[in-house]
Amino acid sequence: MKQIIFLVCVFAYTFVHAQEKIVVKETFESNKFRWDEFFEKEYSGSIQDRCYVLQNKKDGFVGSVTELPINIENNFKITFKFLVPKLDDKYYFGVIFNYEDENNYSSFLVSEKKFKILNRVNGVNSISRQGGIILKSGKNKEVVIEIEKKGKKLIFNVDNMEAVTITKMLNFNAFGFQVENANTIKVTEVLIEQLFRDE
C-alpha cells in the first residue's frame, strides 16, 4: 500500500512539473507559426522541402519575423536550427529578437569565428557587442543558435556553447532570422520551450 501511495505522489509531482513547461516545435510542414513568404527580385523568403529558405542577392540585411506563441515576461528558450550552404567570414546570419517593426529591432548574428549584436533604432544600425566564437567555415553546415531568457538576462548560445550574455528588457514577442549580404540560409527547425516560473 505504501508503495502505491509513493508512486501516486511521484506521478503527481512529475505531472505538475511537466505542466510548468510547454514545448512547441516548428518544422515548416504546416507553417504553424505563420511565417510570411515573399518573392522579390533581390531577396526572397519561402517554405521549401520542410525548411524556410531565406535568400539575399544584394548588400544589406533581409529577414523574416513572426509573432511566436510565447510569454516574454517568463523565462524561455528558443532554438533555431540553420543549414548554411556557405559559411565563411564574409557573411553574417542569425536571429532577430525584440522586433517592433522593420526600423526597430535587435539581432544576434554569426559568421566564421565571430558574432555581433546589432541594434536597429529608427532605421539606424549600430553594433552593441561583438566577439569571437568557435564556428568554422564550410559548406552545408548545420548551426544551432539558442536565445535563452533567465530573469533580465538574455543568453546566446551557438552550437551548445555560450557566446554572450546581455541584460535587456524584451518588449515584443516577434522573433525571426536574418541574413546579411548575398547569401542563403535554410531554417530547418524552431523549438520553443516556455517556462511558467523562474528557475
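Key figures for this structure:
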item	result
Condition check for Lys114: out of contact with any helix residue (DSSP H, G or I) (no Cβ under 6 Å at 6 or more places or on another chain), of a type outside the set (Ser, Thr, Tyr), closer than 18 Å to Tyr92 by Cα and surrounded by 12 or more Cβ atoms within 10 Å (Cβ to Cβ)	yes
Members of the range 77-116 found to be in contact (Cβ under 8 Å) with a residue 60 or more places away in the chain and more than 24 Å from Ile47 (Cβ to Cβ), listed by number	Lys90, Asn98, Glu100, Ser106
Residues that are among the aromatic types (Phe, Trp, Tyr), surrounded by 14 or more Cβ atoms within 10 Å (Cβ to Cβ) and either without any contact (Cβ under 8 Å) to a residue 60 or more places away in the chain or under 17 Å from Lys81 (Cα atoms) (or both), drawn from the range 33-65	Phe33, Trp35, Tyr43, Tyr52
Filtered residues of the range 22-63 (kept if β-branched (Val, Ile, Thr) and touching a Ser or Thr at 6+ places or on another chain (Cβ under 8 Å))	Thr27, Val53
Of all residues in the range 117-156 being surrounded by fewer than 16 Cβ atoms within 10 Å (Cβ to Cβ) and among the polar types (S, T, N, Q), the one that is nearest to Pro85 (Cα to Cα)	Asn140
The range 24-38, subset polar (S, T, N, Q) and in contact with a strand residue (DSSP E or B) (Cβ under 8 Å, 6 or more places away or on another chain), residue nearest to Cys51 (Cα to Cα)	Thr27
Strands (runs of 3 or more DSSP E) enclosed by the range 1-112 - at least 1 residues per element that are of a type in the set (Phe, Trp, Tyr) and modelled with pLDDT of 95 or more	43-48, 51-56, 76-87, 93-101, 104-111
Yes/no for Lys139 being in contact (Cβ under 8 Å) with a residue 40 or more places away in the chain and in contact with a Lys or Arg (Cβ under 7 Å, 6 or more places away or on another chain)	yes
Candidates Gly45, Gly94, Gly63, filtered to the one that is small (Gly, Ala, Ser) and closer than 22 Å to Ser137 by Cβ	Gly94
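The values are calculated or read from the model by the stated rules, or taken from the named source; none is laboratory data. Keep in mind that what you see is a predicted model, and the values were worked out from it rather than measured. Virtual Cβ from ideal backbone geometry, glycine too; neighbours counted across all protein chains shown.
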